[in-house]
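**Student:** Below: one structure in C-alpha cells.
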Amino acid sequence: MTIIHTDFFNQDPCAVARKLLGKVIRRKYHQQWLSARIIETEAYYLNDKGSHASLGFTEKRKALFMPAGTIYMYYARGKDSLNISCAGQGNAVLIKSAHPYLDAISGNNTLKTMQKLNPSASGDFRTINKLCNGQTLLCQSLNIKVCDWDQQQFHPQSFYFEDIDYHPEQIIQTTRLGIPQGRDENLPYRFIDYAYAGQCTQNPLTRRNSQAGLNYQLLTPADQID
C-alpha cells in the first residue's frame, strides 16, 4: 500500500489533476473500507474566473489558501463535493467522478454498503457504473461529508488516497463542466481516464458534434510528462 502524502499535491493543479487519475480513494465507514478509483478530475486556479478562490478569501474558502494537500469541501446543489488544495494559494483540484474499486481491502460486501449510502431517487440500488459518476455521488457513496472534512488533512486511519500503480494509457483533456459563460468556461482543465470515459460525469467522446483536437485532446503517456 502506498499512501499519497501532502507533497504529492504541492504541484501545479493541472499536473495533480492528471496524476490523480487511477488513484484510489479509501474511506473507512464503521468497520469497512469503502474504495473508489478516480476517473475524472478538474483543475482550478486563483486567477481562473471559474474558481471559488477567484471570488476572494472567506472563512468558508479558507482551505483553498491553506497548504497543499488540505481538503476543501463545499455543497454543490446541496450535496457534498471534494477538492484538495494544490501548490499556490487559491489553487485546487476537484474530484469529479470515480468508479467503485474492489480488492482485498474493499470486497463485494463494501459495494452493497456504498449502494445503501447512495440509493437512486426511487430508493433502488444504483449500478456500479452509476454509484460515483459525479462529484456529489462519489461523496455520498463514500460517506465523505463537508462537516467532517472541510479544512482538514487526510488521515491514514480513516480517509486517504492510495497509489495502486495504475496509469491510464490515454487521458482525455477537455473543458470543465458547469462553468457559467464568461467565467473561463473554455479552459481545458478537465481530465478523464479514457478507459472509463463512459462512466464519467459527461463523456466528451459521445457528445454531438464533438471532435478530437477541437473539443478535446487525447494525451498519451509521452504527452503527460510535466
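**Student:** What whole-number value in cubic angstrom gives the convex hull volume per residue for the C-alpha atoms of the chain?
**Tutor:** 128 Å³
**Student:** Expressed as a whole number of Å, what is the distance separating the alpha-carbon centroids of region 40-79 and region 145-200?
**Tutor:** Each part's Cα centre sits 13 Å from the other's.
**Student:** Could you put M1, M66 in order, starting from the residue whose Cβ has the fewest other Cβ atoms within 10 Å?
**Tutor:** With the sparsest Cβ surroundings first, the list reads M1, M66.
**Student:** A further question follows. Pull up the cross-link candidates among the aspartates and glutamates for K112, meaning alpha carbon to alpha carbon under 18 Å and not fewer than 8 places away within one chain.
**Tutor:** D103, D124
**Student:** Straight distance only, please: which lysines reach the Cα of K60 with their own Cα at less than 28 Å, same-chain residues fewer than 8 apart left out?
**Tutor:** K19, K23, K28, K49, K79, K96, K145
**Student:** How large is Rg/Rh for region 6-124, to two decimals, with Cα atoms and a Kirkwood Rh?
**Tutor:** Across region 6-124, the Cα-based Rg/Rh ratio is 1.02.
**Student:** Out of the chymotrypsin sites (Phe, Trp or Tyr not before Pro) in region 40-112, which ones are loop residues according to DSSP with at most 15 other C-beta atoms within 10 Å?
**Tutor:** The qualifying sites are F57.
Taken together, the values in this text are just the output of simple stated rules run on the coordinates, not laboratory data. Worth saying up front: this structure is predicted, and the values here are computed from it rather than measured. Counting neighbours? That spans all protein chains shown, and the Cβs are built from the backbone with ideal geometry, glycine included.
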